[in-house]
Amino acid sequence: MTIVNAVVQGIFLGAFYAVLACGLSIMFGVMRVINLAHGDIAVLGAYVVFVIVQSTGMSPLVAFVVALPVMILLGYVLQLTVLERSLKSGILTPLLATFGLSIVIQNLLLISFSPDVRSLGGNAGAITTSSWQVTGGLSVSALGMVILVMAVLLFGALQLFLSSTRAGWMMRATAEDADAAELVGIDSRGVYARATALAVAIAALGGLFLAIRSVFDPVSGPTQLIFAFEAVVIGGMGSLWGTLLGGLALGVAQTLGAHINPEYSALTGHLLFLAVLIVRFGGGRLSLRMAR
């Protein structure tokens, strides 16, 4: 694999990481919550799509549209039952609450589906195996291109939503100062619920891509959380476009590491993450911002 090919494949991989990390970035940007159950929610979304596909024979993309209202409702319920109460109890409590939620989701999935690995790659048609060969041995994956296009459209739509709609303005105002937003008539409780619902829905999209491009099982969530968290930190905590760039950087770092030695794939991504922590946060404060 040439270096150029490694970079291209890394961009496709990074687009997947960016989609996976987007919901995590939204929750942190709006509520200052690091959701430790984010990866497990993505895997839960993959299982919901898997059940619909197995029951109806739909394609995974159509099944995701059917599953989307379920995940949005789950986000609302999660905020109004678990996160809302934990947010009132300090910084540590939401971490503990989402950690507990992660364990609950994993165990429920283990009970319901067994530890067997699953995949939706065989149900997605030719898109999982199709590719275009470009001059110089460069291979462009159809699935990778779809994920990249979806990632750009997703972040573009979120930017438009946050900057051009009343609901987006309310979300940004609440992210800046929830108490001040309450004084001008914004219901921060409703904003938090909508933000969580949006984050869970996007996490489910990441779970769909995970299920199509590879395999998953009930305990796949923590690994996905690590990659999503690294993408968020590399791009800048709470920055949407930064999350996209952070995901791309992480993906390219991993594929370049694999180009040197397959064993270095995850290591190079972790080293990039640590380097960003040292350079950006070594002596300063975290940058808390939504899309500007």
Can you pull out the residues in segment 117-132 that are outside any helix (DSSP H, G or I) and touching a residue at least 40 places away in the same chain (Cβ under 8 Å)? 117, 118, 119, 120, 124
Name every residue in segment 170-186 that is touching a helix residue (DSSP H, G or I) at 6+ places or on another chain (Cβ under 8 Å), without any contact (Cβ under 8 Å) to a residue 24 or more places away in the chain and surrounded by 11 or more Cβ atoms within 10 Å (Cβ to Cβ), in order of residue number. 170, 173, 178, 180, 181, 182, 186
Looking at (1) modelled with pLDDT of 85 or more; (2) touching a Leu at 6+ places or on another chain (Cβ under 8 Å); (3) among the aliphatic types (A, V, I, L, M), can you tell me which one residue 124 breaks? (1)
Residue hits (segment 22-52; at pLDDT below 95 and of a type in the set (Val, Ile, Thr)) are 26, 30, 33, 34
With segment 1-116 as the region, which helices (runs of 4 or more DSSP H) entirely inside it contain at least 2 residues that are closer than 26 Å to residue 251 by Cβ? 3-31, 38-56, 60-78, 92-113
Quick one: which residue in 204, 193 is of a type in the set (A, V, I, L, M, F, W, C) and more than 23 Å from residue 125 (Cα to Cα)? 193
Among 274, 256, which is the only one that is more than 21 Å from residue 40 (Cα to Cα), at pLDDT 90 or above and exposed (fewer than 15 other Cβ atoms within 10 Å of the Cβ)? 274
Pair list, Cβ < 9 Å and 6+ apart or interchain, from segment 96-115 residues that are within 12 Å of residue 220 (Cα to Cα) to residues that are hydrophobic (A, V, I, L, M, F, W, C) and part of a helix (DSSP H, G or I): 102/41; 102/225; 105/41; 105/43; 105/44; 106/43; 109/43; 109/44
Pick from 2, 93, 81: which is of a type outside the set (D, E, K, R) and touching a helix residue (DSSP H, G or I) at 6+ places or on another chain (Cβ under 7 Å)? 93
When residue 155 is evaluated against the numbered criteria (1) surrounded by 19 or more Cβ atoms within 10 Å (Cβ to Cβ); (2) modelled with pLDDT under 90, which criterion, by number, is the only one it fails? (2)
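The values are calculated or read from the model by the stated rules, or taken from the named source; none is laboratory data. The model shown is predicted, which means the values in this text are computed figures rather than measured ones. No Cβ is skipped: glycine too gets one built from the backbone with ideal geometry, and neighbour counts run over all protein chains shown.
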